[in-house]
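Undergrad: Shown below is the structure under consideration.
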Amino acid sequence: MHFDILTLFPAMFAGPLDESIIKRARERGLISIDIHNIRDYSTDRHHTTDDYPFGGGRGMVMKPEPIFATVEAVLAEHAAPPPDWPRQRAYVPPGSAVVLLTPQGRLLTQGVAGELSQMQHLILVCGRYEGVDERVRLHLATHEISIGDYVLTGGELPAMVLLDCVTRLVPGVLPSETPVEESHYAGLLEYPQYTRPAEFLGWSVPEILLSGHHAAVARWRRCQSLLRTLLRRPELLERADLTAKDQRQLERLRDALENGQTPCE
Ligand SMILES: C[S@@+](CC[C@H](N)C(=O)[O-])C[C@H]1O[C@@H](n2cnc3c(N)ncnc32)[C@H](O)[C@@H]1O
C-alpha cells in the first residue's frame, strides 16, 4: 500500500514513521510513504498557501490551488490526468482515495480503518489554520475522516494515526496470529494482559493464567472481555459479534454485578 501525505509541515513526520512496526513495514516493502510539501506547489512569488476567509472572520484558510496541484502531481504518477481534470472525478483511479483529515469527517473506527486498508493508495491531505477551502472537500476529497470529536491544530497527527492503524491491517505487517481479540476488532474490548513477574509488590497475576489450562484461560479471557465492554463501553455490545453463549454469559455477568458478586472468577 502506498501513502502520499500532503502537508505544510513535512518535518513533523520525521520520527514517528521511522520507528518500530511502521519502519519494518517500510523496509519490507509492505507499505511506502511519500511526504509532499504543499508549499512547493504554490506558483506565486511568495509561495502563498493560505488567505483570509471570504465574508470575514478570524484566521486563515488554506487555498485550493496548491492542494489541487499537489494531488494532481501525485495522481499523475499513477495515470495521465484527463484534459478536463479536476472536473473529471473519475481520474482518482479505483484503489486510490483522497482523504481529507477534518474534525467534520466520518469518525475513524476499526471498521473504517478496515475499509481504507482495502485501497492500494491513500492520499492524505492535512489541513491547518481554520481549515481548507471548501472546494477541496467538494471537488477533490473522496473521503473525509476525523480521528475524534475534538479540534487539533493540524491534520498531521490525524494522518499519522490513520496511517498507523491502517498499516496494522496490511497483510504481513503483523504476525498472522495477532488481532481478532484486540480491542475493537470484533466490537469488544480486550481482556486484561499480564506478564512476568507472577507477583509484583504483593499483587498477583490471576491464578487461572498460570494454570496451563488453555480452554479455561480462553473462557476466562472471553468473560473478562465481555465484562470490560459491559462496564466501560456498553454501547459497543449492540454491534459486537456475539454468539448465543456470549449472550448467556452477559446475562450472568449482569446478574452477578447486580448482586455484588465478582464475575469471571
Ligand atoms: C484548527 S483545525 C480547523 C477546524 C475547522 N475550523 C472546523 O471547525 O472544522 C485545522 C486542521 O486540523 C485538522 N484537524 C483538526 N482536528 C481534527 C480531527 N479531530 N480529525 C481530523 N483532522 C483534524 C484538519 O485537517 C483541519 O483542517
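What follows draws every value from the coordinates through simple rules; no lab data is involved. Predicted, not measured: the structure shown is a model, and the values here were computed from it. Counting neighbours? That spans all protein chains shown, and the Cβs are built from the backbone with ideal geometry, glycine included.
Undergrad: What is the dipole size for the stretch 180-265, taken about its Cα centre, with +1 at each Lys and Arg Cβ and -1 at each Asp and Glu Cβ, in debye to the nearest 20?
TA: 80
Undergrad: Hey, another quick one. Taking only Cα atoms, what is the 0 to 90° angle, nearest 10, from helix 214-232's long axis to the longest principal axis of the chain?
TA: 60
Undergrad: What's the ranking of 17-23, 143-149 by average number of surrounding C-beta atoms within 10 Å, highest first?
TA: Numbers: 17-23: 13.6, 143-149: 17.1.
Packing proxy ranking, top to bottom: 143-149, 17-23.
Undergrad: Now for a separate question. Rounded, prolate or oblate for the stretch 161-223? Axes are the square roots of the Cα gyration tensor eigenvalues, ordered a ≥ b ≥ c, and the cut-off for rounded is a/c under 1.5. If you can, show how the numbers build up before the last one.
TA: Working: a/c = 2.40, a/b = 1.91, b/c = 1.26.
In terms of gyration-tensor shape, prolate.
Undergrad: If I stretch the segment between SER211 and SER32 completely, what's the gain in nm (0.36 nm per residue apart, minus their alpha carbon distance), one decimal?
TA: Details: separation 179, 0.36 × 179 = 64.44 nm, distance 4.37 nm.
Extra length available between SER211 and SER32 comes to 60.1 nm.
Undergrad: Between the helical axis of 244-258 and the dominant principal axis of the chain, each derived from Cα atoms, what acute angle in degrees is found, rounded to the nearest 10?
TA: Helix 244-258 sits at roughly 70 degrees to that axis.
Undergrad: For helix 156-167, report the angle its Cα long axis makes with the longest principal axis of the Cα atoms of the chain; keep it between 0 and 90° and round to the nearest 10°.
TA: The angle comes out at about 60 degrees.
Undergrad: For the chain, just give the cysteines left without a disulfide-compatible partner, judged by no other Cys Cβ under 4.7 Å.
TA: Flagged as lacking a Cys partner: CYS126, CYS165.
Undergrad: Only residues of the stretch 59-74 count here: report those whose backbone N is under 11 Å from the spot 7 Å along Cα→Cβ of ARG45, or say none.
TA: none
Undergrad: If you don't mind, there's one more thing I want to ask. Using only helices, what value at 222 nm comes out for the chain when you add -39,500 (n - 2.57) per DSSP H run of length 4 or more and divide by the total residues, to the nearest 500 deg cm²/dmol?
TA: Roughly -9000 deg cm²/dmol at 222 nm, from the helical runs in the chain.
Undergrad: Averaged over all directions, how much area does the convex hull of the C-alpha atoms of the chain cover when projected, in nm²?
TA: On the way: hull surface 79.3 nm².
Result: 19.8 nm².
Undergrad: Which of the listed residues, ILE145, GLN88, ALA256, is farthest toward the dipole's positive end in the chain, when Lys, Arg count +1 and Asp, Glu count -1 at the beta-carbon?
TA: Final value for the positive-end residue is ALA256.
Undergrad: Could you work out the mean projected area of the convex hull around the alpha carbons of the stretch 180-265, in square nanometres to one decimal? The partial results should precede the final answer.
TA: Working: hull surface 25.3 nm².
Hull-based average projected area comes out at 6.3 nm².
Undergrad: Right, next: Pop out the Kirkwood hydrodynamic radius of the stretch 45-190 from its pairwise C-alpha distances, inverse of mean 1/r, in Å to one decimal.
TA: Final number for the Kirkwood radius of the stretch 45-190 is 16.8 Å.
Undergrad: Ok, one more. What whole-number distance in Å separates the alpha-carbon centres of the stretch 130-167 and the stretch 52-78?
TA: 14
Undergrad: Does the stretch 9-89 classify as rounded, prolate or oblate by the C-alpha gyration tensor (a ≥ b ≥ c root eigenvalues; a/c under 1.5 gives rounded; else a/b over b/c gives prolate, otherwise oblate)?
TA: Judged from the Cα gyration tensor, the stretch 9-89 comes out oblate (a/c at least 1.5, b/c at or above a/b).
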